[in-house]
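These notes are about the structure you will find just below.
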Amino acid sequence: MSWAFTFDVALTALVLGVAIWTLSLRENFGAVVAFAVYGLTLTLVWLRLGAPDVALTEAAIGSGLTGALLLAAAARLRSTEAAIAAESPGGGVRVAAAVLSAIVAGGIVLAVLALPVPAPSLAPNAVADLAATGLGNAVTGVLMAYRAADTLLEKVVVLIAVIAVWSLADSRVWGGRPGPAHRAEPDGALAFLARRLPPLGIVAGVYIAWVGADMPGGAFPGGTIIAAMWLLTIMAGVKDTPPISSRGLRLALTVGPAVFLAVGLCGFFIADAFLAYPVAYAKPLIVLVEVGMVLTIAVSLGLLMAGPPERSGK
Amino acid sequence: MAMTAFLLVAACFVLVMVALGLTRILRGPGDADRMMAAQLMGTGGMGTLLLFAVATGASAAIDVALVLALLSVFASVAFVKGAAGTDAQDHKDDA
Amino acid sequence: MSLVLDIFSIVAICAGAFFFLAGTAGLLRFPDALTRLHALTKADNLGLGLVVLGLLPHVDGVLEGLKLVAIWAAVLLASAIVSQLIARVARRESEPQ
């Protein structure tokens with residue numbers, strides 16, 4: 001029994017334990033914190049399974065950002081928590097839910113164990129054709145070259161999600177600033193952190209986005225880090241949320257999908273199809289699209305977290 | 001190689017320490033204890049990741065540890081801001 | 001030379017693991033949220049720092065070493081501030097309502 005196996009056993013026990021803990025907590029705040037911890041343990045699992053890109057995204061989105069988002073939702077629901085807790089389902093419903101979950105989990109386990117070794121996969125094909133794109137990371141190759149249309153549509157969906165969140169605003173404050181005004185002691189500890197950490201964080205985010213061409217990384221984790229740093233300055237009261245009517249903000253939101261679309265349409269003229277890249281310019285074009293995407297992702301995720309406008313601008 | 005085995009043992013050890021710490025925080029009453037869970041998992045998880053990265057030569061894990069560091073800070077601040085009672089007016093010594 | 005580096009790493013990582021153990025022992029045994037917070041942040045920070053120190057001779061390349069040090073610096077800064085903030089929440093909870 002090697003030490004790597006021991007590590008895996010310990011990790012599996014930890015994941016299961018944290019999952020059971022998350023389900024057993026009765027009040028929202030504790031459950032959200034437990035869910036964030038669960039995301040962090042999953043990061044380790046992804047690494048053990050040899051998927052560092054997924055691990056990066058899990059650490060960025062699955063624990064940090066989703067935890068904060070769920071917490072904001074829990075805060076808005078705090079007044080109804082008592083009423084919901086009083087209506088908890090009876091024992092019979094819970095047993096049925098547990099049995100159903102166990103059957104689904106068991107089915108997945110059996111399906112995974114029944115896979116032939118080596119499992120059928122397109123990964124060798126993806127890696128074999130990577131040289132034509134000039135990239136070194138197969139995951140980025142899939143995202144930006146083989147399935148670029150999917151990635152473009154995802155960016156548009158994120159933009160629609162931001163608009164949907166904005167649509168929840170009261171019509172009197174349309175065009176205003178999202179979220180409450182965070183007032184913090186300017187010399188306080190949190191303001192100090194919000195001044196010192198974001199520079200390092202932004203450098204790290206740009207690094208992760210840049211290095212995604214050849215190593216695990218990419219625009220999405222990089223943009224998420226930058227969004228988290230921006231949100232940190234907002235939560236500390238160092239900067240205020242921008243009014244949603246601001247031109248610069250709307251430009252930043254749309255530059256990612258716009259550049260992606262423009263490059264795709266150029267594909268008709270300089271290559272042979274929509275979103276096709278000419279072999280000589282593939283990597284510069286991909287990098288250009290990624291730069292736009294990092295900005296859009298950072299601003300979109302920040303706005304999704306900040307919520308609908310609640311105060312009038314200026 | 002002995003060094004690799006040692007690093008893996010250390011990674012296992014830190015993981016077990018984190019698990020033990022989490023079991024205590026589970027029972028802890030109050031929001032402050034729960035927030036500590038994110039801190040513990042963040043720091044311990046990073047320790048495990050870094051040991052693991054050098055043990056198996058997977059240098060991507062170091063990047064993941066960097067992302068984890070930054071995002072767990074953000075998550076901790078979000079938790080503190082979102083805990084019950086912090087939406088009252090700030091006191092003079094609050095940040 | 002590499003034997004000296006190996007011994008240095010082993011000593012540093014063992015010390016780091018000891019501090020993680022101390023932090024967890026504090027978490028399990030201390031009676032109060034504030035004392036538990038102290039055990040957690042101080043011991044785990046030192047533990048992580050020593051682990052980083054022990055791993056520095058074994059990374060390949062200056063960039064990776066820089067990343068390790070950057071991680072450590074970020075954790076030091078963030079953990080100091082966050083433990084302050086959590087302590088305020090703990091104090092607010094323990095105040096009589």
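Determine one quarter of the surface area of the Cα convex hull of the range C:2-94, which equals its mean projected area, and express it in nm² to one decimal.
That works out to 6.2 nm².
At a Cα cut-off below 19 Å, give the aspartates and glutamates reachable from A:Lys239, other chains included and same-chain residues fewer than 8 away excluded.
A:Glu185, A:Asp187, A:Glu310, B:Asp87, B:Asp90, B:Asp94
Could you pull out which residues in the range A:159-179 have an amide N less than 13 Å from a spot 7 Å beyond the Cα of A:Arg311, following the Cα-Cβ vector?
Flagged as within label range: A:176-179.
Order A:Tyr146, A:Tyr38 by their accessible area, 1.4 angstrom probe, all chains in place, largest first.
A:Tyr146, A:Tyr38
Evaluate E = 1/(1 + (r/R0)^6) for A:Glu154 and B:Arg27, where r is the Cβ-Cβ distance and R0 equals 30 Å; express this FRET efficiency to the nearest 0.05.
That gives a FRET efficiency of 0.15.
Just how far, in whole angstrom, is the range B:1-53 from the range A:1-53 if you go by their alpha carbon centroids?
11 Å
Using a simple spin-label model with points 7 Å from Cα along the Cα→Cβ vector, what separation in nm is obtained for A:Ala51 and A:Ala82?
4.3 nm
Give the aspartates and glutamates whose C-alpha is closer than 18 Å to that of A:Lys155, dropping any in the same chain fewer than 8 places away, or say none.
Output for A:Lys155: A:Glu290.
If I build a Gaussian network model for chain A, linking alpha-carbon pairs within less than 10 angstrom, which residue out of A:Ile234, A:Ile297, A:Ile226 has the largest mean-square fluctuation?
Its mean-square fluctuation being the largest, the pick is A:Ile234.
If I model a spin label at A:Arg247 and A:Leu25 as a point 7 Å from the Cα along the Cα→Cβ vector, what separation in nanometres do I get?
The answer from the label model is 4.6 nm.
Amide H neighbours of A:Glu310 under 5 Å, counting only residues 5+ apart in sequence or on other chains, H built in-plane at 1.01 Å?
Distant-sequence amide H within range of A:Glu310: A:Arg177, A:Gly179.
How big is the accessible area of B:Val80 in square angstrom, nearest 10, if you roll a 1.4 angstrom probe over the protein chains?
The value for B:Val80 is about 20 Å².
From the protein chains alone at 1.4 Å, what is the descending order of accessible area for B:Cys12, C:Cys14, largest first?
The residues order as C:Cys14, B:Cys12, largest area first.
Considering just Cα atoms, how many Å³ per residue does the convex hull of the range A:1-88 enclose?
81 Å³
With a probe of 1.4 Å, find how much accessible area the range A:122-314 has per residue, and write the answer as a whole number in Å².
Values: 9020 Å² over 193 residues.
Each residue of the range A:122-314 exposes 47 Å² on average to a 1.4 Å probe.
Note down the Stokes-Einstein diffusion coefficient of the protein assembly as shown in µm²/s, whole number, using a Kirkwood radius over alpha carbon pairs, 25 °C, and 0.890 mPa s.
Calculated translational D: 102 µm²/s.
Kindly sort A:Glu290, A:Glu185 by accessible area of their heavy atoms, largest first, with the probe set to 1.4 Å.
So the residues, ranked largest to smallest area, are A:Glu185, A:Glu290.
In whole Å, how far is the Cα centre of the range A:237-300 from that of the range A:131-187?
11 Å
The values are calculated or read from the model by the stated rules, or taken from the named source; none is laboratory data. Bear in mind the structure is a predicted one, so any value in this text is a computation, not a measurement. Neighbour counts run over all protein chains shown; Cβ positions are idealised from the backbone, glycine included. When the accessible area is computed, the model is the full protein with side chains, heavy atoms only, and any ligands, DNA or RNA have been set aside. Shrake-Rupley method; radii C 1.70, N 1.55, O 1.52, S 1.80 Å.
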